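Novice: Provided herewith is a single structure, encoded as structure tokens, for subsequent inquiry.
The values are calculated or read from the model by the stated rules, or taken from the named source; none is laboratory data. Treat the numbers as computed from the prediction; the structure is a model and nothing was measured. In this analysis, Cβ positions are derived from the backbone assuming ideal geometry, glycine residues included, and neighbour counts consider all displayed protein chains. The area values use the complete protein model at the heavy-atom level, side chains included, leaving out ligands, DNA and RNA. Shrake-Rupley method; radii C 1.70, N 1.55, O 1.52, S 1.80 Å.
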Amino acid sequence: MEAGELRGLCIRALESQADHPGLLLARAVAETMCSDHDHATTRQSIAAALGAAKHKYAIPEREIDAAVETLFDLSAEYAPELGPPLTAELLELRQERPEFDPLTKRAIVRVHDHPDDRVRAILGARRLGRLVENIGRAHTRRADEYTTLISENAF
């Protein structure tokens, strides 16, 4: 019940400061602690918070790292529904926004030790997806090489 109230307070406060990193992270945590939580909203809040912290507020990277560490601690002990969207969003940031690569590399270390199997499964699924993509590219290259070889040797 308190999480729902906190979520409502964060939503109202974000109306006047839509990109405040602290409010966005509080919104993400409160969202995951509500019975009607929405992982997409949590992910959007985390991405917006990290982006604003880095680009608009110029918060030092060590402080952003500390915030992410705190989120992992919360997800491991008090807010288990925070772990999966946090992990998924950090991996997405790594892929789409190279400036977050150092942050996400450090965060992935936490994923390996996370007590929630779903969190580790997200990382495993992402790695498996990249492996399948690499195999597909290698197959396409081989097929192209074979086609070129056949066309060059045709009479």
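Conditions (1) open to solvent by less than 60 Å² (accessible area, probe 1.4 Å); (2) within 20 Å of GLU31 (Cβ to Cβ); (3) among the aromatic types (Phe, Trp, Tyr), marked per residue:
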| position | (1), (2), (3) |
| --- | --- |
| ALA58 | no, no, no |
| GLU69 | no, yes, no |
| ASP73 | no, yes, no |
| GLY83 | yes, yes, no |
| ARG94 | no, no, no |
| GLU99 | no, no, no |
| VAL109 | no, no, no |
| ASP116 | yes, yes, no |
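Novice: Write out, first by first residue and then by second, each pair whose Cβ atoms fall under 9 Å of each other, whose residues are 6+ apart or on separate chains, and whose first residue, in the range 108-124, is at pLDDT below 90 while the second is in a helix (DSSP H, G or I) and loosely packed, with under 12 Cβ neighbours inside 10 Å.
Specialist: Partner pairs satisfying both residue conditions: LEU123/HIS112.
Novice: Can you spot a residue in the range 76-97 that is farther than 29 Å from GLY129 by Cβ and in contact with a helix residue (DSSP H, G or I) (Cβ under 8 Å, 6 or more places away or on another chain)?
Specialist: no
Novice: Now for a different question. Go through the range 35-45 and report how many residues are under 22 Å from MET1 (Cα atoms) and either touching a strand residue (DSSP E or B) at 6+ places or on another chain (Cβ under 8 Å) or outside any loop (DSSP other than H, G, I, E, B) (or both).
Specialist: Final tally of qualifying residues: 6.
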